[in-house]
Amino acid sequence: MAAPRLVWTLFLAVVFLGGLLAALPDRNVYPVTGEIFVHELERELFQDAFPSVHNNVEEIPPDVPITFHARLLGYPDLPRWLRYIQRGPYETAFLYGSPTAKEKKAGRQTIEVKAYNRHTYETVKQRIIFNIGSSPDEQLPYQAEFFVKNRDVEEVLPLEAQQLFQQGVDSIWDQDDLHIINITSALDRGGRVPLPIEGRKEGVYIKVGSIYPFSDCLVATKSLDNEARCNMEQQPVLACHDRFYPVLIIDWCNITLMDLSSPSTAGPVLISGDGVLEDGSEFEPPTDAPEKTFLYDYLLTILLPLLVALLLCLFLTYIMCCRREGLDKRDMATSDIQMVHHNTIHGNTEELRHMASSREVPQPLSTLPMFNVRTGESINPMQGRYDSAHVPLILDQK
């Protein structure tokens, strides 16, 4: 009985260790600077690599919940230009971002991705090697950023959604040589999470660039009349506002146009100095910093409160112990005053009673029992035992 249980325990341990050590072969991807890069984490690929499926222990259904965790190899998080999105354990996961020239100088970056099976707690990992290169159209001086209100970021990351958006922009810009530079969720720009109501979306910013100037329709969005209408929360009057509708809803008041063709608008130039490092340099802390003594800080924060507490204890001890005799005398004097006051009241009461008993003033008639006001006679109530209510009226008058 114990042998089969031991075999089953060892089998589960082997499966568990296999889940910890299961890994997919490395994969190379080639993002370029100045363009959006999207990599889909294929659920089927990771699901088939789980040890329970590989060893034919059990058949995993296609709707198994799988979550991913991605990080830069040797670091706890992803690089700044790369983002990860997965709405739920049953949804598709994406790695997306737009590398810059700084990442190109860094060369190759390795991202480690781990997939977790939420039913069997198995783990499969894969290393994705990012070989960042330069784009042939790296310099795109004319850039425009659109805000799509009725989409979430994972809905515009697939290639079909990007092509649909790019077709609308091509019809507005009157050009075919456009590139999507970056895609950013509105939550990353400080937007609010929408209410859990059907049809509410987070919104997404999509930046496109071209080597050709802006079209008249895009320039019209920044006219004085349209900006005044936007300030009054009204939609601007444009001839090309329906190029995306009804598939995509564009906020035409939230369009940003950037002209980087002239040096004056090429962006802020960082000046090397305090707080700004040169490219490729590292921060070197000063080694000849003067030593600082913390004696005065210690005296102020520790000894001063202790001294105040000690003085307060001594003061309370003096009041409770050394001044006790004076308090006893005060209590005795108070009790003597109370006794004298009590005796005085008692003596005055006895004197009033004695004076009342020694006076010879006749008692008022009204205080006598059964006094008749008309005749002035007093009748002893104990003389007759009959009820006067039953005496005839004639006899009573006599």
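Calculate the FRET efficiency for residue 167 and residue 235 from the Cβ-Cβ distance with a Förster distance of 35 Å, rounded to the nearest 0.05.
With R0 = 35 Å, the Cβ-Cβ based efficiency is 0.95.
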Q) How large is the dipole of the range 140-261 about the Cα centre if only Lys and Arg carry +1 and Asp and Glu carry -1, each at its Cβ, rounded to the nearest 20 debye? A) 360 debye
Q: Would you calculate the separation in nanometres between label points at residue 296 and residue 192, each defined as 7 Å from the Cα along the Cα-to-beta-carbon direction?
A: 5.1 nm
Q | Other-chain or far-sequence residues with amide H under 5 Å of residue 179's (modelled H) | A | 209
Q | Of all DSSP beta bridges in the range 21-138, antiparallel share, percent nearest 5 | A | 85 percent
Q: Would you list which lysines come within 19 Å of residue 114, measuring only between C-alpha atoms, while excluding same-chain residues fewer than 8 positions from it?
A: 125
(Q) For the range 187-258 and the range 102-165, what is the centre-to-centre distance using only Cα atoms, to the nearest Å? (A) 23 Å
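Compute the length gained on full extension between residue 129 and residue 319: take 0.36 nm times their separation in residues and subtract their Cα-Cα distance, giving the result in nm to one decimal.
Details: separation 190, 0.36 × 190 = 68.40 nm, distance 7.91 nm.
Working it through step by step, the gained length comes to 60.5 nm.
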Q | Dipole-positive endmost among 217, 253, 181 within the range 140-261 (Cβ charges, Cα centre) | A | 253
Q) For the range 240-246, in order, what is each residue's ³J(HN,Hα) by Karplus, 6.51 cos²θ - 1.76 cosθ + 1.60 with θ = phi - 60°, in whole Hz (x at glycine and Pro)? A) 10, 6, 9, 6, 9, 6, x
(Q) Please report the accessible area of residue 87 (heavy atoms, 1.4 Å probe, ligands and nucleic acids excluded) in Å², nearest 10. (A) 110 Å²
Q: Compare the peptides 340-352, 166-178 by average per-residue count of other Cβ atoms within 10 angstrom and give them in order, highest first.
A: 166-178, 340-352
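The values are calculated or read from the model by the stated rules, or taken from the named source; none is laboratory data. Model, not experiment: these values are computed from the prediction. Cβ atoms come from the backbone with ideal geometry, glycine included; neighbour counts cover every protein chain shown. Side chains included, ligands, DNA and RNA excluded: accessible areas come from the protein's heavy atoms. Shrake-Rupley method; radii C 1.70, N 1.55, O 1.52, S 1.80 Å.
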